[in-house]
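> One structure, pasted below without further comment.
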Amino acid sequence: LNEAALANFTGSENWYRHWLGKSLYTDGVKYVADQAGAYWLIDEIAINQTVPKVRAEEFQVWTLKVSGSKGVLICDDGNGNVVFTKRIEHTDFPLPEIKLYYADGTLLLPSEY
(Lines give C-alpha, C1' and ligand atoms only; values in the text may rest on other atoms or scores of the structure.)
Protein backbone atom coordinates (compact mmCIF):
# COMPACT_ATOMS: atom_id res chain seq x y z
CA LEU A 1 0.00 0.00 0.00
CA ASN A 2 1.51 3.32 -1.07
CA GLU A 3 0.49 6.75 -2.33
CA ALA A 4 1.36 5.91 -5.95
CA ALA A 5 -0.97 2.90 -5.94
CA LEU A 6 -3.78 4.96 -4.41
CA ALA A 7 -3.39 7.70 -7.03
CA ASN A 8 -4.29 5.13 -9.72
CA PHE A 9 -7.90 5.08 -8.49
CA THR A 10 -9.69 7.80 -10.42
CA GLY A 11 -13.21 6.44 -10.39
CA SER A 12 -15.02 3.32 -9.33
CA GLU A 13 -16.64 0.58 -11.36
CA ASN A 14 -18.16 -0.94 -8.23
CA TRP A 15 -19.77 0.38 -5.09
CA TYR A 16 -19.85 -1.77 -1.98
CA ARG A 17 -22.51 -1.47 0.70
CA HIS A 18 -21.28 -1.30 4.28
CA TRP A 19 -22.88 -3.88 6.56
CA LEU A 20 -24.79 -1.15 8.39
CA GLY A 21 -26.60 -0.55 5.10
CA LYS A 22 -26.47 3.25 4.91
CA SER A 23 -22.97 3.85 3.52
CA LEU A 24 -21.29 2.84 0.28
CA TYR A 25 -17.58 2.65 -0.51
CA THR A 26 -15.60 2.53 -3.72
CA ASP A 27 -13.04 0.24 -5.35
CA GLY A 28 -10.22 2.42 -3.99
CA VAL A 29 -11.46 2.23 -0.41
CA LYS A 30 -11.94 -1.54 -0.76
CA TYR A 31 -8.34 -1.77 -2.03
CA VAL A 32 -7.09 0.09 1.07
CA ALA A 33 -9.13 -2.16 3.36
CA ASP A 34 -7.93 -5.32 1.61
CA GLN A 35 -4.25 -4.33 1.41
CA ALA A 36 -3.99 -2.88 4.92
CA GLY A 37 -6.46 -5.09 6.75
CA ALA A 38 -8.36 -1.90 7.46
CA TYR A 39 -12.04 -2.76 7.26
CA TRP A 40 -12.10 -1.39 10.80
CA LEU A 41 -11.46 2.07 9.29
CA ILE A 42 -14.53 1.80 7.06
CA ASP A 43 -16.49 0.61 10.11
CA GLU A 44 -15.34 3.60 12.21
CA ILE A 45 -16.41 6.09 9.53
CA ALA A 46 -19.76 4.38 8.85
CA ILE A 47 -20.60 3.96 12.54
CA ASN A 48 -19.77 7.58 13.33
CA GLN A 49 -22.26 8.82 10.76
CA THR A 50 -24.72 8.55 13.67
CA VAL A 51 -22.89 11.32 15.56
CA PRO A 52 -25.06 14.46 15.04
CA LYS A 53 -22.12 16.83 14.30
CA VAL A 54 -20.72 14.36 11.75
CA ARG A 55 -24.06 13.55 10.15
CA ALA A 56 -24.76 17.29 9.72
CA GLU A 57 -21.82 17.59 7.29
CA GLU A 58 -22.72 16.70 3.70
CA PHE A 59 -19.03 16.58 2.76
CA GLN A 60 -16.52 15.11 5.19
CA VAL A 61 -12.75 14.67 5.12
CA TRP A 62 -11.56 11.76 7.27
CA THR A 63 -7.87 11.65 8.11
CA LEU A 64 -6.12 8.81 9.87
CA LYS A 65 -2.74 9.86 11.26
CA VAL A 66 -0.48 7.07 12.50
CA SER A 67 2.54 7.38 14.77
CA GLY A 68 4.16 4.13 15.83
CA SER A 69 1.33 1.79 16.76
CA LYS A 70 -1.12 4.54 17.74
CA GLY A 71 -3.32 6.73 15.62
CA VAL A 72 -5.89 9.45 15.58
CA LEU A 73 -8.93 9.57 13.32
CA ILE A 74 -10.17 13.07 12.53
CA CYS A 75 -13.23 14.21 10.61
CA ASP A 76 -13.49 17.76 9.30
CA ASP A 77 -15.94 19.61 7.09
CA GLY A 78 -13.52 20.10 4.21
CA ASN A 79 -12.63 23.58 5.44
CA GLY A 80 -10.47 22.40 8.33
CA ASN A 81 -13.21 22.66 10.95
CA VAL A 82 -12.90 19.48 13.03
CA VAL A 83 -16.23 17.86 13.93
CA PHE A 84 -14.99 14.53 15.33
CA THR A 85 -11.79 13.04 16.72
CA LYS A 86 -11.04 9.57 18.04
CA ARG A 87 -7.81 8.14 19.39
CA ILE A 88 -6.87 4.72 18.02
CA GLU A 89 -4.99 2.90 20.77
CA HIS A 90 -3.45 0.28 18.48
CA THR A 91 -3.10 0.08 14.71
CA ASP A 92 -0.76 -1.53 12.23
CA PHE A 93 -1.94 0.68 9.37
CA PRO A 94 1.05 0.88 7.00
CA LEU A 95 0.91 4.57 5.98
CA PRO A 96 1.64 7.52 8.28
CA GLU A 97 -1.49 9.24 6.99
CA ILE A 98 -4.45 8.62 4.74
CA LYS A 99 -7.35 10.88 3.79
CA LEU A 100 -10.76 9.64 2.72
CA TYR A 101 -13.77 11.65 1.61
CA TYR A 102 -17.35 10.93 2.60
CA ALA A 103 -19.88 12.57 0.32
CA ASP A 104 -23.50 11.72 -0.52
CA GLY A 105 -23.32 8.57 1.60
CA THR A 106 -20.23 7.26 -0.18
CA LEU A 107 -16.71 6.81 1.18
CA LEU A 108 -14.00 7.36 -1.45
CA LEU A 109 -10.36 8.19 -2.02
CA PRO A 110 -9.64 11.84 -2.85
CA SER A 111 -8.49 10.77 -6.34
CA GLU A 112 -11.92 9.17 -6.90
CA TYR A 113 -13.84 12.36 -6.05
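> How big is the Cα convex hull of the range 1-59 in projection, averaged over all directions, in nm²? Mind dumping the intermediate values first?
Numbers: hull surface 18.0 nm².
Projected over every direction and averaged, the Cα hull of the range 1-59 covers 4.5 nm².
> Hey, what do the phi angles of the range 56-72 turn into as Karplus ³J(HN,Hα) couplings, whole Hz, using 6.51/-1.76/1.60 and θ = phi - 60°, x for Gly and Pro?
5, 8, 5, 10, 10, 10, 9, 10, 9, 10, 10, 9, x, 9, 10, x, 9
> In addition: Taking H placed 1.01 Å from N in the peptide plane, check which residues at least 5 places from Leu24 or on another chain put their amide H under 5 Å from its amide H.
Under 5 Å from the amide H of Leu24 lie the amide H atoms of His18, Thr106, Leu107, each far enough along the sequence or on another chain.
> Turning to a different aspect of this structure: Hey, in the GNM for the chain with a 10 angstrom Cα cutoff, which one of Ala56, Ala46, Ala38 fluctuates hardest?
Looking only at Ala56, Ala46, Ala38, the biggest GNM fluctuation is shown by Ala56.
> Then there is this: Among Ile45, Ile88, Ile98, which one shows the highest mean-square fluctuation when the chain is modelled as a Gaussian network with alpha-carbon springs under 10 Å?
Ile88
> With a 1.4 Å probe and every protein chain left in place, tell me how much accessible area Trp40 has, in Å² to the nearest 10.
It works out to around 70 Å².
> Given the options Thr85, Thr50, Thr26, state which has the largest fluctuation in a GNM of the chain using a 10 Å cut-off (strictly under) for Cα springs.
Thr50
> To two decimal places, what compactness ratio does the chain give when its Cα radius of gyration is scaled by 2.2 N^0.38 Å?
Cα-based Rg divided by the globular estimate yields 0.98.
The values are calculated or read from the model by the stated rules, or taken from the named source; none is laboratory data. Quantities reported herein were computed from a predicted structural model and do not represent experimental measurements. Heads up: the accessible areas ignore ligands, DNA and RNA and are worked out on the full protein's heavy atoms, side chains in. Shrake-Rupley method; radii C 1.70, N 1.55, O 1.52, S 1.80 Å.
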